[in-house]
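These notes are about the structure you will find just below.
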Amino acid sequence: MLSVTHAAEQLDCSRGHIYGLIAAGRLPVVEIAATGTRTKTRIRAEDLEALIEGNTRRAGAPVLAWPDVLPPRPDLYPHAALGATERATYGTTEAAERLQVRARDVTDGIADGDLHAHRDGDRGRWRIDHACLMAWQRGDLCEHRKDGDAAR
């Protein structure tokens, strides 16, 4: 049995991300409580392995499209219910959480020129349009790239 902290360490993610997987029903847990004590949340090693196996993508395999990755949670992610034509932007961390990848993967995609993004101001944070993020997830060019906009 693993604590939430140990499960997060194994997945190289935050405890909050683990709790999000639990809340979404994607990661089963065992609640252990003794009379008069706080409940302890534990994760069976085989359940964590099943999550990893179920989310492992082989080379050339299609990437799941949002919202297939996680059920929309408007209370946690206000942009989860956006339609394809609505415009929203994400930071690198929020984009990574949406696609269930590491934030480093998102910043690498920007650096490699595969993911279209722009900065807030001269040296501000990266902002990624919803349509650009979804195109990158599918392995397609976003409209900005199709139109020949190479600027980030």
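Of everything in the stretch 115-137 that's among the acidic types (Asp, Glu) and modelled with pLDDT under 85, which residue is nearest to HIS17 (Cα to Cα)?
ASP120
From the list ARG104, ARG42, ARG98, exactly one residue is in contact with a strand residue (DSSP E or B) (Cβ under 7 Å, 6 or more places away or on another chain), at pLDDT 85 or above and not in a loop (DSSP other than H, G, I, E, B). Which is it?
ARG42
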Residue within the stretch 80-89 that is surrounded by 17 or more Cβ atoms within 10 Å (Cβ to Cβ) and at pLDDT below 90 present
yes
Under 7 Å between Cβ atoms, which residue pairs at least 6 apart in sequence (or on different chains) link something in the stretch 137-152 that is within 16 Å of ILE110 (Cβ to Cβ) with a partner that is at pLDDT 65 or above and among the β-branched types (Val, Ile, Thr)?
ARG152/ILE110
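Listed here are the residues, each with its yes/no results for (1) on the phi > 0 side of the Ramachandran plot; (2) at pLDDT below 85; (3) under 16 Å from the mean Cα position of the chain (by Cα).
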site: THR5; (1), (2), (3): no, no, no
site: ARG26; (1), (2), (3): no, no, yes
site: LEU48; (1), (2), (3): no, no, no
site: GLY60; (1), (2), (3): yes, yes, no
site: PRO72; (1), (2), (3): no, yes, yes
site: PRO78; (1), (2), (3): no, yes, yes
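The values are calculated or read from the model by the stated rules, or taken from the named source; none is laboratory data. As the structure is a computational prediction, the values presented were derived from the model and not from experiment. Because the Cβ atoms are built from the backbone with ideal geometry, glycine has one as well, and the counts that use them run over all protein chains shown.
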